[in-house]
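A short write-up of the structure that comes next.
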Amino acid sequence: MKIELFKRGRGFLPASPEAEKVHARMEQGEIAWFKVLRIRDPVAHRRYWALMNLCASNCERIELPYGGVMLVHSKDDVHTALKLCTGHRDTIFDAFGKPVFQIPKSTNYESMTADEWSEYWPRVLDVVQERILPGVEIPEVELEILKCMGMAA
C-alpha cells in the first residue's frame with residue numbers, strides 16, 4: 001500500500017485518507033518503514049506532453065541512435081522515440097552478447113522519481129534540439145510550450 005505523508009516540524013503527518021487509516025492503526029511509538037519518493041511536479045508533466053504535441057505537429061520521423069527511424073503519427077510516437085534516444089531504455093541481447101532489441105522504460109509517476117525526472121528533462125531537450133527540431137533553439141521551444149499550456153502570450 002502506498003500512502004502520502006507531509007512534513008510538519010520534526011514529524012510527518014498523513015496526507016491522504018489512506019494514510020490516515022494506516023496512522024490510526026499504528027500504536028504510539030510504533031516504527032514503520034517508508035520509501036521516500038519526491039512527488040513530481042504536475043506542471044512539468046503538462047509541459048512534457050505539450051512538447052510531445054509540438055514535436056508531433058512539426059516532425060514526421062525521428063532518427064534513432066543505433067539505426068532505424070521512428071515514423072511520427074502521434075505524440076506517443078515522439079514519447080517512445082525520446083525514451084530510446086535519451087537512453088531511457090533496456091537492451092535485450094542475444095546469446096552472443098549482440099544487442100537485438102531496445103525496450104523503452106516507463107516515465108510514469110510510479111516508475112520515475114522527481115530526481116530521475118530532473119535528470120531526464122535536459123536530455124529530452126537535447127534530443128529535441130538535435131534530432132527532432134534541428135535549428136530550433138531551446139528558449140524558443142520552451143516559449144512555445146508555455147503558449148500551448150496557456151501560460152504565455
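In degrees between 0 and 90, to the nearest 10, how far off the longest principal axis of the chain does helix 42-58 point, with axes built from Cα atoms?
The answer is roughly 10 degrees.
Per residue, how much accessible area does region 109-153 have with a 1.4 Å probe, in Å²?
59 Å²
Which of the trypsin sites (Lys or Arg not before Pro) found in region 1-37 are loop residues per DSSP with 14 or fewer other Cβ atoms within 10 Å of their Cβ?
Sites meeting the loop and neighbour criteria: K2, R10, K35.
Which GluC sites (Glu not before Pro) from region 82-123 combine a DSSP loop assignment with at most 16 other Cβ atoms within 10 Å? Mind dumping the intermediate values first?
On the way: sites: E110, E116, E119; in loops: E110.
Those satisfying the criteria are E110.
What accessible area per residue comes out for region 40-98, rounded to a whole number of Å², with a 1.4 Å probe?
That works out to 56 Å² per residue.
So the label point goes 7 Å from the Cα of T113 along Cα→C-beta, right? Which residues of region 31-74 then have their backbone N under 11 Å from it?
Taking a point 7 Å out along Cα→Cβ of T113, the residues of region 31-74 whose backbone N falls under 11 Å are 35-39.
Over the chain, with every protein chain in place, what whole percent of the accessible area is carbon and sulfur at 1.4 Å, could you tell me? Show your work: numbers first, answer last.
Details: 5810 of 10710 Å².
Roughly 54 percent of what the probe reaches on the chain is carbon or sulfur.
Loop-only chymotrypsin sites (Phe, Trp or Tyr not before Pro) in region 46-153, please: DSSP not H, G, I, E or B, and at most 12 other Cβ atoms within 10 Å. Can you show the working numbers first?
Details: sites: Y48, W49, Y66, F93, F96, F101, Y109, W117, Y120; in loops: Y66, F96, Y109.
Answer by residue number: Y66, F96.
Name the residue from F34, H23, L133 whose Cα lies farthest towards the positive end of the charge dipole of the chain, charges +1 on Cβ of Lys and Arg and -1 on Cβ of Asp and Glu.
Checking the options against the dipole of the chain, the answer is H23.
Place a +1 charge on the Cβ of each Lys and Arg in the chain and a -1 charge on the Cβ of each Asp and Glu, then give the dipole magnitude about the Cα centre in debye, rounded to the nearest 20.
Numbers: 20 positive and 22 negative charges, 88 e Å.
Rounded to the nearest 20 debye, it is 420 debye.
Dividing the alpha-carbon Rg of region 1-93 by 2.2 N^0.38 Å yields what?
1.71
The values are calculated or read from the model by the stated rules, or taken from the named source; none is laboratory data. Just so you know, these numbers come straight off a predicted model, no measurement behind them. Note: ideal-geometry Cβ built from the backbone for every residue, glycine included; neighbour counts use all protein chains shown. Please note that ligands, DNA and RNA were not included when accessible areas were found on the heavy atoms of the full protein model with its side chains. Shrake-Rupley method; radii C 1.70, N 1.55, O 1.52, S 1.80 Å.
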